[in-house]
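A.B. asks: Mind looking over this structure? Questions follow.
The values are calculated or read from the model by the stated rules, or taken from the named source; none is laboratory data. Just so it is clear, the model here is predicted, and its values are computed rather than measured. Note: ideal-geometry Cβ built from the backbone for every residue, glycine included; neighbour counts use all protein chains shown. For accessibility, only protein heavy atoms count, side chains too; no ligands or nucleic acids. Shrake-Rupley method; radii C 1.70, N 1.55, O 1.52, S 1.80 Å.
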Amino acid sequence: MANILDYISWRGDLSFSASPFNDIDALVLCQISYIDFDGLLPVENFSASITLSALGDLFKKSPDLERRSDLGMLINKKSVDLLFAAASSVRFGSLKVTGYSSIIEPAIEEQFSAMTFLLPGKMNFVAYRGTDDTIVGWKEDFNLAIMDEVPAQTDAVRYLETAASSLKGSFIVGGHSKGGNLAVYAGAMASASVKKRVRVIYNLDGPGFSEKTLSSNNFYEAIPKIRSYYPHFSIVGMLFGHAGEYCVVESDETGIMQHDPFSWHLNGTTYTTLDGFDSGSVFFHETFNAWISHISDEQRSKFIEALFTLIQATDARTNSEIEKNLLRNSVKIIKAIGSLDGEMRKALKETLSILFKTAHKQLPVLSGIMADET
């Protein structure tokens, strides 16, 4: 089945005037936003721009190409191939790139990155990067469960406001994984004048929001603009609640690996869609949200702090560093469990116990789903 690399092979010779911007183009640009362009582009400078073709050349000639090309264990290494294919194509090569931003702030537990592509017809595409390989990025994802607004969401709104004050025309915003969450949040929470200029919001398997946030007028007004796409087996996208309609995309991977956009099946300029989610995905959604609703804000906070205290005991900065020395890091985590203070150890144990009990209660739901499918 075709994927986004095949899409560029098939459609890359067509300009946007010959074939208008579509949902697959959005996925391509969002995936390119995962790439490390630090030092190759000025930081959040919307008055300067460079074509994607020229950016591809800069990336290829960078003295630390090997390091830049290693996106970690969670981001498909084909993303660099995608950059080069898009940069050398008629369709994407002449697009101008501006406003690159990349922030890693361990002190406030923030990982944020975005870039803007200038499309024909005075249309601007803001692509928010999803969670990268850093531990701080994953900690911020967990903080979505305990904070009304995480730092990356604050910066997502600020970035869109800055882009809108610097660039003319309308906007499309989008992102994959946490980037999808940031796109929806920015599109809903920006000022009224900026929201009027936002035409479409792409959420590509991004985690959702609390019911409190979703019930706000800002989110209600944004619903008609949101286009959400999730793989058949979705875990990240099943976190919390969502607004608006969605499509389920066929994937050639299994389990959590379906989160990888390179596994999503395409049919021309559209996705190959299915009627609904995999039963395991529904089970996870029901279990996770029931668990979250059963524990207090204090329990959530203590659980997350205990969990990441164990991870941080490895001294690893990225998931790849943990995986590279898995045996040694596993020993460090086991030792760290014993060194947790009594309150943190109790919080970890109690919260996991509630999770297991919740999952057990949800088993009849899974059985009913499987019965309906047979």
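A.B. asks: Quick one: compute the contact order of the stretch 230-287, relative version, from alpha carbon pairs under 8 angstrom and 6+ residues apart, as a percent.
C.D. replies: So the answer I get is 44 percent.
A.B. asks: How much accessible surface does SER191 have with a 1.4 Å probe, in Å² rounded to 10?
C.D. replies: Accessible area, nearest 10 Å²: 40 Å².
A.B. asks: Shifting gears a bit: Please compute the modelled spin-label separation between THR272 and LEU40, points set 7 Å along Cα→Cβ, answer in nm with one decimal.
C.D. replies: Taking the two extended label points, one gets 3.1 nm.
A.B. asks: Mind giving me the nanometre distance, one decimal, between the label points for ASP297 and THR51, set 7 Å out from Cα along Cα→Cβ?
C.D. replies: In this crude label model, ASP297 to THR51 measures out at 5.2 nm.
A.B. asks: Please work out how much length the chain gains when fully extended from LEU327 to SER353, using 0.36 nm per residue of separation minus the C-alpha to C-alpha distance, in nm with one decimal.
C.D. replies: 6.8 nm
A.B. asks: Continuing with this model, one more query. Ignoring ligands, DNA and RNA, what percent of the 1.4 Å accessible area of the stretch 158-295 is carbon and sulfur?
C.D. replies: 53
A.B. asks: Out of the total accessible area of the stretch 1-122 (probe 1.4 Å, heavy atoms of protein only), what percent is carbon and sulfur?
C.D. replies: For the stretch 1-122, the apolar C and S fraction of the accessible surface comes to 55 percent.
A.B. asks: Then there is this: Answer rounded, prolate or oblate for the stretch 199-269, using the Cα gyration tensor with square roots of eigenvalues a ≥ b ≥ c: rounded when a/c is under 1.5, else prolate when a/b is larger than b/c, else oblate.
C.D. replies: In terms of gyration-tensor shape, oblate.
A.B. asks: Here is a further query. First measure r as the distance between the Cβ atoms of LYS96 and ASP341, then evaluate 1/(1 + (r/R0)^6) with R0 = 45 Å and state the FRET efficiency to the nearest 0.05.
C.D. replies: Once the sixth-power term is evaluated, E becomes 0.25.
A.B. asks: Stretched out fully, how many nm does the piece from LYS60 to ASP81 gain, at 0.36 nm a residue minus the Cα gap?
C.D. replies: Length gained, LYS60 through ASP81: 6.5 nm.
A.B. asks: Report the label-to-label distance for ILE103 and ARG317 in nanometres (one decimal), using points 7 Å from each Cα along the Cα→Cβ vector.
C.D. replies: About 1.9 nm, to one decimal.
A.B. asks: What whole-number value in Å² describes the accessible area per residue of the stretch 109-215 for a 1.4 Å probe?
C.D. replies: 29
A.B. asks: Now for a different question. Of GLU305, GLU211, which has the most accessible area with a 1.4 Å probe, and how do the rest follow in descending order?
C.D. replies: Order by accessible area, largest first: GLU211, GLU305.
A.B. asks: Return the percentage of antiparallel bridges among DSSP beta bridges fully within the stretch 190-275, rounded to the nearest 5 %.
C.D. replies: Rounded to the nearest five, the antiparallel share is 45 percent.
A.B. asks: If DNA, RNA and ligands are ignored and the probe is 1.4 Å, what is the ranking of CYS247, CYS30 by accessible area, most exposed first?
C.D. replies: CYS247, CYS30
A.B. asks: Would you mind getting me the FRET efficiency between ALA2 and ILE256? Use the beta-carbon distance for r and R0 = 25 Å, nearest 0.05.
C.D. replies: That gives a FRET efficiency of 0.65.
A.B. asks: Could you give the alpha-carbon Rg of the stretch 1-126 over 2.2 N^0.38 Å, rounded to two decimals?
C.D. replies: Ratio of Rg to 2.2 N^0.38 Å for the stretch 1-126: 1.05.
A.B. asks: For the pairs LYS168/LYS196; LYS96/LYS195; LYS96/LYS178, flag any whose C-alpha to C-alpha distance is greater than 21 Å.
C.D. replies: Violating the 21 Å limit, Cα to Cα: LYS96/LYS195; LYS96/LYS178.
A.B. asks: For HIS176, HIS294, HIS232, what's the largest-to-smallest order of accessible area, 1.4 Å probe?
C.D. replies: HIS294, HIS232, HIS176
A.B. asks: May I pose another question? For the stretch 89-196, what proportion of DSSP beta bridges, expressed in % and rounded to the nearest 5, is antiparallel?
C.D. replies: 70
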